[in-house]
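J.: Provided herewith is a single structure, encoded as structure tokens, for subsequent inquiry.
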Amino acid sequence: MAVPISQMWTVATYVLKKRFSGTDRYPLVLMLEPLFRCNLACAGCGKVQYPPHILKKQLTPEECFAAVEECGVPMVAIPGGEPLLHPQIVDIVNGLVARKKYVYMCTNALELKKRLHEFTPSKYLTFSVHLDGQRDHHDMSVCREGGYDIAVEGIKEAVKRGFRVTPNSTFFDGTDPNSVRAHFDEMMAIGVEGIVLSPGYSYDKAPDQTHFLGRARVRKLFRAILSNRKKSWKFNMSPLFLEFLMGDRNYDCTPWGSPAYNIFGWQKPCYLLQDGYADSFKELMETTKWEEYGVGSGNPKCANCMVSCGYEPTAVLDGFLTLSGFWGMVKGTFSSYKSKHALKQLNEWDTHAHAPLVQIEKSVPTLEETNA
């Protein structure tokens, strides 16, 4: 696992303090969206589908700092949109670093290389670069030819300048696990700190509604990707969450683990769903009907979700609050997950060509069995 000890210690002490104080529900990371506009229109993302007057809006640094202080999280992810398009993004990042928050600045890296000189390397700052696998797959995913090469140039320059860098990959139906494993090799050779990965979630506004994975297919895909892994691979994630993706663990969602704050306010109930907004974090926590979300609730919007923002908090809490979870986290850090079945599956994977990622027409969502 590539998460620095200082960051793990900060999160662990935060979790233990919450436990000892008797707090049952608390966030681990704030999904802070200072704007929705972007210089890409990815097929699996619904953010840039907002009307122009919404895309022009953005949070001020003061609004960002207030949201972080209000919910008290140790970590902040800054997605979007493309945060580097925000005219005050450097002020926002510097302000959060000064508050000793671990910041994951999400970016497609189209502007990263020429903007790096404006930032200062810090253990509190990580550039989380959107890179959905190898060149052809990534360019198809983001609907821009040449996007991969620009992003990799930005990653290399950031690593050279001493920044923490974690490629962030989202995988959809049609992904070839052999290509993903080759992508891991390429990223490790560049010298990134670790890799972040997740199955795609079916945003209602996303133009492509046909390539989102159901739970059974997620487990099949990630079992092939993550079994028989190489010692050189490092992941900036909980090993228990990766085991969950592989189907080795059953977890419930922790929808309040990664609350989202954006230009509309506090998004109910989580970063992925938009069931209204609250004016304050307190209102979000106290008025959201949490029992109506997660696979166990029967909510069809949650039926196929296995995304990190809901399930990695569960894995982190398991790792720091239970002996079995802590031991599993230790073992998972050093395990290669040998599996003859997964190796056979990998070698026999159907790599048939699939249609271009963007499919504008929407299909009716279906529910899959939860065990693969």
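J.: Tell me which trypsin sites (Lys or Arg not before Pro) from the range 45-87 have a DSSP coil assignment and no more than 16 other beta carbons within 10 Å of their own.
T.: Numbers: sites: LYS47, LYS56, LYS57; in loops: LYS56, LYS57.
Filter output for the range 45-87: LYS56, LYS57.
J.: Averaging over every viewing direction, what projected area does the convex hull of the Cα atoms of the chain cover, in nm²? Could you put the intermediate results ahead of the total?
T.: Numbers: hull surface 68.5 nm².
Over every viewing direction, the Cα hull of the chain projects on average to 17.1 nm².
J.: Another question, if that's okay. Would you please name the chymotrypsin sites (Phe, Trp or Tyr not before Pro) within the range 150-204 that are DSSP coil residues with at most 16 other C-beta atoms within 10 Å of their C-beta? Please list the in-between numbers first.
T.: On the way: sites: PHE163, PHE171, PHE172, PHE184, TYR201, TYR203; in loops: PHE163, PHE172, TYR201, TYR203.
Here no chymotrypsin sites (Phe, Trp or Tyr not before Pro) fit, given the DSSP loop and packing criteria.
J.: Another one. Beta carbons within 10 angstrom, averaged per residue: use that to sort the peptides 257-264, 71-78, highest first. If you can, show how the numbers build up before the last one.
T.: Working: 257-264: 23.2, 71-78: 21.4.
Ranking the peptides 257-264, 71-78 by packing returns 257-264, 71-78.
J.: Step through the table entries LYS57/LYS289; LYS100/LYS331; LYS101/LYS282, compare each Cα-Cα distance with 22 Å, and write down the pairs that go over it.
T.: Working: LYS57/LYS289 29 Å; LYS100/LYS331 30 Å; LYS101/LYS282 20 Å.
Going by Cα-Cα distance, LYS57/LYS289; LYS100/LYS331 fall outside the 22 Å limit.
J.: So what's the range 237-346 giving for Rg/Rh, alpha carbon basis, Kirkwood Rh from the mean inverse pair distance?
T.: Radius of gyration relative to Kirkwood radius: 1.06.
J.: Kirkwood hydrodynamic radius for the range 76-168: how many Å is it when counted over pairs of different Cα atoms?
T.: Numbers: mean 1/r = 0.0754 Å⁻¹.
Computed over Cα pairs of the range 76-168, the Kirkwood hydrodynamic radius comes out at 13.3 Å.
J.: Looking at the range 228-276, which trypsin sites (Lys or Arg not before Pro) are DSSP coil and have at most 12 other C-beta atoms within 10 Å of their C-beta? Write down the numbers at each step before the final one.
T.: Working: sites: ARG229, LYS230, LYS231, LYS234, ARG249; in loops: ARG229, LYS230, LYS231, LYS234, ARG249.
Here the trypsin sites (Lys or Arg not before Pro) that fit, given the DSSP loop and packing criteria, are LYS230, LYS231.
J.: Can you tell me the relative contact order of the range 223-327? Whole percent, Cα pairs under 8 Å, sequence separation 6 or more. All intermediate terms of the calculation are to be shown ahead of the outcome.
T.: On the way: 124 pairs, mean separation 29.3, N = 105.
Dividing the mean separation by the residue count of the range 223-327 yields 28 percent.
J.: Taking only the alpha carbons of the range 1-122, what extent do you get along each of the three principal axes, in Å, biggest first?
T.: The Cα atoms of the range 1-122 stretch 47, 31, 29 Å along the principal axes, largest first.
J.: What 222 nm value per residue comes from the helices of the chain, counting each DSSP H run with n ≥ 4 as -39,500 (n - 2.57) and dividing by all residues, nearest 500 deg cm²/dmol? Don't skip to the end; give the middle numbers.
T.: Working: 14 runs with 142 residues, N = 372.
Value at 222 nm, helices only, nearest 500: -11500 deg cm²/dmol.
J.: I've got another one for you. For the range 20-88, go through all pairs of different Cα atoms, get the mean of 1/r, take its inverse, and jot down that Kirkwood value in Å. Please report the intermediate quantities before stating the final value.
T.: Values: mean 1/r = 0.0740 Å⁻¹.
Value: 13.5 Å, from the Cα pair sum.
J.: In percent, what relative contact order does the range 46-184 have, based on Cα pairs under 8 Å that are 6 or more apart in sequence? Walk me through the intermediate numbers first.
T.: Working: 174 pairs, mean separation 28.5, N = 139.
That works out to 21 percent.
J.: Tell me which of CYS253, VAL316, SER339 sits at the most positive position along the dipole axis of the range 220-359, charges placed on C-beta atoms (Lys, Arg +1; Asp, Glu -1).
T.: Ranked along the dipole, the leading option is SER339.
J.: So for the chain: antiparallel DSSP bridges make up what percent, rounded to the nearest 5?
T.: Values: 6 of 30 bridges.
Around 20 percent antiparallel, to the nearest 5.
J.: Now for a different question. Using a 1.4 angstrom probe and counting only protein chains, how large is the accessible area of THR10 in Å², to 10?
T.: The accessible area of THR10 comes to roughly 40 Å².
J.: Longest exposed-loop-site-free stretch of the chain, with GluC sites (Glu not before Pro), DSSP loop and at most 13 other Cβ within 10 Å? Don't skip to the end; give the middle numbers.
T.: Details: sites that count: GLU145, GLU348, GLU361, GLU369.
Answer from the scan: 146-347.
J.: Within the P(r) computed for the range 143-184, what percentage of the Cα pairs occupies the region above 13 Å?
T.: The calculated P(r) of the range 143-184 puts 66 percent of pairs beyond 13 Å.
J.: Same structure, new question: So for the range 232-292, what are the equivalent ellipsoid semi-axes in whole Å, largest first, each being the square root of 5 times an eigenvalue of the Cα gyration tensor? If you can, show how the numbers build up before the last one.
T.: Details: eigenvalues 164, 40, 15 Å².
Three semi-axes, in Å: 29, 14, 9.
J.: Any idea what the dipole of the range 52-125 comes to, in debye rounded to 20, about its Cα centre with Lys/Arg Cβ at +1 and Asp/Glu Cβ at -1? Could the numbers behind the result be given before it?
T.: On the way: 9 positive and 8 negative charges, 54 e Å.
For this selection, approximately 260 debye.
J.: Still on this structure, I have one more. Using the Kirkwood formula on the Cα atoms of the range 52-210, what hydrodynamic radius do you get, in angstrom to one decimal? Show your work: numbers first, answer last.
T.: On the way: mean 1/r = 0.0603 Å⁻¹.
About 16.6 Å, per the Kirkwood formula over Cα pairs.
J.: Taking only C-alpha pairs under 8 Å that are 6+ residues apart, what is the relative contact order of the chain in percent? Each step should come with its number before you reach the end.
T.: Working: 683 pairs, mean separation 71.9, N = 372.
Taking the mean separation of contacting Cα pairs over the length of the chain, I get 19 percent.
The values are calculated or read from the model by the stated rules, or taken from the named source; none is laboratory data. These numbers were taken from a predicted model, which means no experiment stands behind them. In this analysis, Cβ positions are derived from the backbone assuming ideal geometry, glycine residues included, and neighbour counts consider all displayed protein chains. When the accessible area is computed, the model is the full protein with side chains, heavy atoms only, and any ligands, DNA or RNA have been set aside. Shrake-Rupley method; radii C 1.70, N 1.55, O 1.52, S 1.80 Å.
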